1. I'd like to check something: does segment 135-146 contain any residue that is among the basic types (Lys, Arg), out of contact with any helix residue (DSSP H, G or I) (no Cβ under 6 Å at 6 or more places or on another chain) and either assigned to a loop (DSSP other than H, G, I, E, B) or within 24 Å of Tyr342 (Cβ to Cβ) (or both)?
2. Sort through Gln135, Gln167 and tell me the only one that's over 25 Å from Val316 (Cα atoms) and in contact (Cβ under 8 Å) with a residue 12 or more places away in the chain.
3. Restricting the search to segment 155-198, which residues are open to solvent by 50 Å² or more (accessible area, probe 1.4 Å) and within 17 Å of the chain's Cα centre (by Cα)?
4. Restricting segment 321-333 to residues that are out of contact with any Leu (no Cβ under 7 Å at 6 or more places or on another chain) and of a type outside the set (D, E, K, R), which is nearest to Leu133 (Cα to Cα)?
5. Restricting segment 204-220 to residues that are open to solvent by less than 40 Å² (accessible area, probe 1.4 Å) and not in a loop (DSSP other than H, G, I, E, B), which is farthest from Tyr284 (Cα to Cα)?
6. In this structure, is Ala311 in contact with a helix residue (DSSP H, G or I) (Cβ under 7 Å, 6 or more places away or on another chain), over 30 Å from Phe87 (Cα atoms) and either modelled with pLDDT of 90 or more or open to solvent by 10 Å² or more (accessible area, probe 1.4 Å) (or both)?
7. Would you check if there is a residue in segment 147-154 being outside any strand (DSSP E or B) and buried (at least 19 other Cβ atoms within 10 Å of the Cβ)?
8. What number of residues within segment 235-248 satisfy the criterion of being crowded, with 16+ Cβ neighbours inside 10 Å and touching a helix residue (DSSP H, G or I) at 6+ places or on another chain (Cβ under 9 Å)?
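The values are calculated or read from the model by the stated rules, or taken from the named source; none is laboratory data. All values derive from a computational prediction rather than experimental measurement. Please note: Cβ atoms are built from the backbone with ideal geometry, for glycine as well, and neighbour counts cover all protein chains shown. Only protein heavy atoms, including side chains, enter the accessible area calculation; ligands, DNA and RNA are left aside. Shrake-Rupley method; radii C 1.70, N 1.55, O 1.52, S 1.80 Å.
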Amino acid sequence: MPISRAELSEEFFDRTSAILLRQPEPQYLYAMMFKRALGVSLNIPSMIGRTPYEIGGQGAPYTRADADRLMLSADLGAELFAAKANFTGEPGHVIKFNRPRFTDSTYTQAAREIGVNQSISTTPLVAGSEQALLQIRRYAGPYGSTAVQPYGLDAFDSTMGVHDLAQFVGTHMGRDYDKTLDSFWVSLADNASTTVYPLGITADNDITAKGMAPFTYEQQSRVSKAQDEANLPTLPDGRRIMVVTPTGKKQLKDDPQFARYCEFHKELNPMFPGWFGSTAEYHYFMSNTLTKSSNSSTVLVHKAHAIAPGAFLGGVGKKPGNVVAASDDNYGETAKVIWLAYLALGLADNRFVTKVAYGEDV
């Protein structure tokens, strides 16, 4: 029998290359939009831990959290934010935003004409306002099975890894921060005032088989009609934004009517790499993190978002995204770190977002 690794295992060992493979990740579209609109990001230091016991890393550089992401679009524009608040200069956990509340009455010529010897009422009317609230809260990560838990880094072993372990920890925290923010915004947008379904469908459970309720141009037209009738604002070019799942993108591309009315402008590619087309009503973008839920027929129902400018409110406090260390550090030999952020996220008006539901492909 020849001498081999199987027979003489003590003479052989494995080693880890410094080359990192790519890990496919979604873009976390809404998190990127929020960070760009408010100019915030998670500040990841090169040294991890409590001063003066920070732990650095040696070895090959480790990838950033966003290095391998499917970058689907550039900045969608701060137009989607009705207001951006700063909670660092003045006291208060809540900022209130007023908007007019109009009441309708009678607008006929006969009703408004003041006839000869006709008295005008002296009883005043009341003009009202509505309020939207934006509250700053404290968030942290990463999260274990039941609570926020830190990443730990050993000072001794951090000097002997193949890759920079401080960057390794920072990469994982950066990804957790972005995914958490994106999840928050998707959940907020899911609180839309209305949901528009394909023709013949009025609820998720009406979709009883895969492929029976695809997203089509006809459904998009009804979404646009509903938003027009609600007098929702548009971007300067007269369009609003539609964010769909990969399934929604595929179904639209397969729809002959959408193909007939869809516009593609090459000059927009540098600004919006993942923008896959526009109709007269919407600019279309794709996100891999929108809600998909299984109905009573075990069919996945996808929820896209049609968004009008001014839908969102956002704010930051003293810590928009900081890496902080625990004091329990074994005399400086162990760094335990989390990310901590004081953020305010909310909808300015849930009427400015419409959910668009459609079924899974066959």
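1. Residues of segment 135-146 among the basic types (Lys, Arg): 137-138.
Applying the additional criterion that residues be out of contact with any helix residue (DSSP H, G or I) (no Cβ under 6 Å at 6 or more places or on another chain) yields 137-138.
When the remaining residues are screened for being either assigned to a loop (DSSP other than H, G, I, E, B) or within 24 Å of Tyr342 (Cβ to Cβ) (or both), the result is 137-138.
Within segment 135-146, one or more residues are among the basic types (Lys, Arg), out of contact with any helix residue (DSSP H, G or I) (no Cβ under 6 Å at 6 or more places or on another chain) and either assigned to a loop (DSSP other than H, G, I, E, B) or within 24 Å of Tyr342 (Cβ to Cβ) (or both).
2. Testing whether each residue is over 25 Å from Val316 (Cα atoms) and in contact (Cβ under 8 Å) with a residue 12 or more places away in the chain leaves just Gln167.
3. Arg175, Lys179, Ser183, Phe184, Ser187, Asn191, listed by residue number.
4. Residue satisfying both the conditions and the ranking: Val323.
5. So, considering only residues that are open to solvent by less than 40 Å² (accessible area, probe 1.4 Å) and not in a loop (DSSP other than H, G, I, E, B), the one farthest from Tyr284 (Cα to Cα) is Asp204.
6. no
7. yes
8. 6
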